[in-house]
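Since the structure comes first, as structure tokens, the remarks are kept for the end.
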Amino acid sequence: MPNARIDQPEALASVFGPAIDAELAVLASIEARYWDERTELELSAIPIPAKEHLRQQLEDKRKMAREPHVLRLARLHEEATMRTMFTMKTTHSPL
């Protein structure tokens, strides 16, 4: 059985996979909460001008909640990509 090294693609996936999955789960939770609140707002008897204001507040809240997680996903993806590219360059002999 070959030794699993951190520079192998499968090992990289096992390192980054849980972190990526965690960030995606948080984003899914943010989206679910947003749509629950948005649906509740749209079904309410609140006057239209107030709904528009509250809708904008919901959008702003959603954007602020998502931003750090989207940035973290981008960093994780970039790091995984760079490690994979570096691994491919260092483990394969030149032609």
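Kindly indicate whether any position in the range 78-85 is in a helix (DSSP H, G or I), of a type in the set (V, I, T) and either modelled with pLDDT under 95 or touching a Cys at 6+ places or on another chain (Cβ under 8 Å) (or both). Yes - at least one qualifying residue is present in the range 78-85. Look at the range 57-74: where a residue is over 15 Å from E31 (Cβ atoms) and a partner is at pLDDT 95 or above and part of a helix (DSSP H, G or I), sitting 6+ places away or on another chain with Cβ atoms under 8 Å, you get R72/E23.
Determine whether the range 44-62 contains at least one residue that is part of a helix (DSSP H, G or I), modelled with pLDDT of 85 or more, surrounded by 12 or more Cβ atoms within 10 Å (Cβ to Cβ) and small (G, A, S). Among the residues of the range 44-62, not one is part of a helix (DSSP H, G or I), modelled with pLDDT of 85 or more, surrounded by 12 or more Cβ atoms within 10 Å (Cβ to Cβ) and small (G, A, S), which makes the answer no.
The conditions of being under 23 Å from the mean Cα position of the chain (by Cα) and not charged (D, E, K, R) are not met by A50. Hey, does the range 4-11 have a residue that's out of contact with any His (no Cβ under 8 Å at 6 or more places or on another chain), at pLDDT 95 or above, surrounded by 11 or more Cβ atoms within 10 Å (Cβ to Cβ) and in a helix (DSSP H, G or I)? No, the range 4-11 contains no residue that is out of contact with any His (no Cβ under 8 Å at 6 or more places or on another chain), at pLDDT 95 or above, surrounded by 11 or more Cβ atoms within 10 Å (Cβ to Cβ) and in a helix (DSSP H, G or I).
Criterion applied to D21, D36 was being loosely packed, with under 11 Cβ neighbours inside 10 Å and at pLDDT 95 or above, and the one residue passing it is D36.
The values are calculated or read from the model by the stated rules, or taken from the named source; none is laboratory data. The structure presented is a predicted model; accordingly, all values stated were derived computationally and were not measured. Every residue, glycine as well, gets a Cβ built from its backbone with ideal geometry; the counts of neighbours run over all protein chains shown.
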